[in-house]
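Only one structure is covered here, and it is reproduced in the block below.
Derivation of every value follows stated rules applied to the coordinates shown; laboratory data play no part. Computed from a predicted model, the values in this text were never measured in an experiment. Using ideal geometry, Cβ is built from the backbone for each residue, glycine included, and neighbour counts are taken over all protein chains shown.
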Amino acid sequence: MRLRFRPTEESFYDLFAQQARHLVNGATLMATLLDPTTDRDDLAVRMREIEHEADETTHEVVRRVNSTFVTPFDREDIYRLASALDDVMDYMEEAVDLISLYGIGDLPTEFAAQVQVLQRGAEVTADAMPRLRTMKDLDEYWIEINRLENHGDRSYRRLVASLFDGTYEALEVMKLKDVVDSLEHAIDALEKVANTVEQIAVKES
């Protein structure tokens, strides 16, 4: 067991947990896109509000790093983890905003699979963040995220293939492809979070 002989700023753990809860809120809101009666302009506004809250939490992490003498683990790792969590939120907000800006109507049926991956990934991430305090029982987290990312890759390929099967007009394909790419980036960013946590856990073990 690793012993710590210096006091550290414990609030970082709470901030990481808060960042992850923002992801859950964003992914839950995104899932309402699957309901054709959803007001997507209103949804985009609400998503921006969550993204703004997430930004504030990220900025608070940075402020704490810059003002704290002893951090719970390497400062560079704290920056990387906070940034990776923020990227997930940014890409989710981007996808929702594009759907609103482009005035996209019906979404491909395969879209639901990507959203479900994001929802599950956000929930798993939120469940894992509090365990950073002890660095225990985290291996199942990054294994599950890796599984979800692989599933997301397969869903992404099927989704892109469906866009080019002749069902959609060329302009609609371009619009939908932008949205699909944003979702894929969000899923990749979730994996980056898990990889960062794994690297931190290895250093701290």
request  = Kindly state, to the nearest 0.05, the FRET efficiency for ASP39 paired with VAL62, given R0 = 30 Å and r defined as their beta-carbon distance.
outcome  = 0.30
Per-bin percent of Cα-Cα distances, segment 73-144 [10 Å] = 15, 40, 28, 14, 4
ask   = Normalised by the number of residues in segment 11-204, what is the relative contact order in percent for Cα pairs under 8 Å and 6+ residues apart?
value = 32
task = Tell me what the chain gives for mean residue ellipticity at 222 nm when only DSSP H runs of n ≥ 4 count, each as -39,500 (n - 2.57), the sum divided by the residue total, rounded to 500 deg cm²/dmol.
result = -27000 deg cm²/dmol
task = Just tell me which lysines come within less than 25 Å, Cα to Cα, of LYS177; anything on the same chain fewer than 8 places away is out.
result = LYS192
request  = Take the eigenvalues of the Cα gyration tensor for the chain, scale each by 5, and report the square roots as semi-axes in whole Å, largest first.
outcome  = 35, 18, 12
message = Within a 10 angstrom radius of the beta carbon, how do PHE69, PHE16 rank from fewest other beta carbons to most?
response = PHE69, PHE16
